[in-house]
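Contents: one structure, followed by commentary.
The values are calculated or read from the model by the stated rules, or taken from the named source; none is laboratory data. The model shown is predicted, which means the values in this text are computed figures rather than measured ones. Positions of Cβ are backbone-derived with ideal geometry, glycine not excepted, and every protein chain shown enters the neighbour counts.
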Amino acid sequence: MRLRYTVSMEDLLALNHFFYLHSSTIRRSRALLVIGLPCVLMAFEVYQGIRSGSWGPHVVMLVLCVLLIPFLNGYFARGMKRTALRIYRERPTRGLIGEHELAVDEQGVRERTETGEQMTLWAGVDRIETTPAHAFIFVGPAMAHVVPRATVVEGEFDAFIAAAKAHLQAAVRRTQP
């Protein structure tokens, strides 16, 4: 089964956003920044309030620390997107952005772009995830074929992804004892 489509910068950023939402490593980093930093500041303010015996300014700072949480959460999300955009802009993206042809069969996934062709056996496919707008065929912990639903020009998105998932499940069954 074959699918032809175009990948844009927005599609690559969608993959990064998917990581942002689903990666346990990123979730821990976000928690440390968004929750950890305000908690440390609040503990310091409580200590200062106890030490000084005057709570007025410390209560104000405690409220500001609580208000800091949503600000830091948004800052972290924008920072992830900004960093990904910088990385994609500093290196050539030929082969990443542009027309792609993806084919799946019982052997694996074959991708063809203007810069070459790549074959990944099903043993090298980690998982297949979908969102309403994209499918991501993961071939590494932070690498995936990005398949945007909206820019498919040849083939049928849902049937292709269903076939890919069926091939992956069959390959997993074959390797299990």
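Some notes on this structure:
- Tallying residues that are surrounded by 12 or more Cβ atoms within 10 Å (Cβ to Cβ) and within 13 Å of the chain's Cα centre (by Cα) within the range 129-151 yields 12.
- Restricting Ala164, Ala84 to those that are outside any loop (DSSP other than H, G, I, E, B) and modelled with pLDDT of 95 or more reduces the list to Ala164.
- Complete set of residues in the range 1-54 that are in a helix (DSSP H, G or I) and basic (Lys, Arg): Arg27, Arg28, Arg30, Arg51
- A single entry from Glu111, Glu106, Glu101 fulfils the requirement of being over 20 Å from the mean Cα position of the chain (by Cα), modelled with pLDDT under 95 and closer than 17 Å to Ala163 by Cβ: Glu106.
- The requirement of being aliphatic (A, V, I, L, M), touching a helix residue (DSSP H, G or I) at 6+ places or on another chain (Cβ under 9 Å) and not in a strand (DSSP E or B) is not satisfied by Leu102.
- Pairs, first free of Cβ contacts under 8 Å to residues at least 24 places away in the same chain in the range 83-106, second surrounded by 14 or more Cβ atoms within 10 Å (Cβ to Cβ) and of a type in the set (Val, Ile, Thr), C-beta under 9 Å, six or more apart: Arg94/Thr113; Gly95/Thr113
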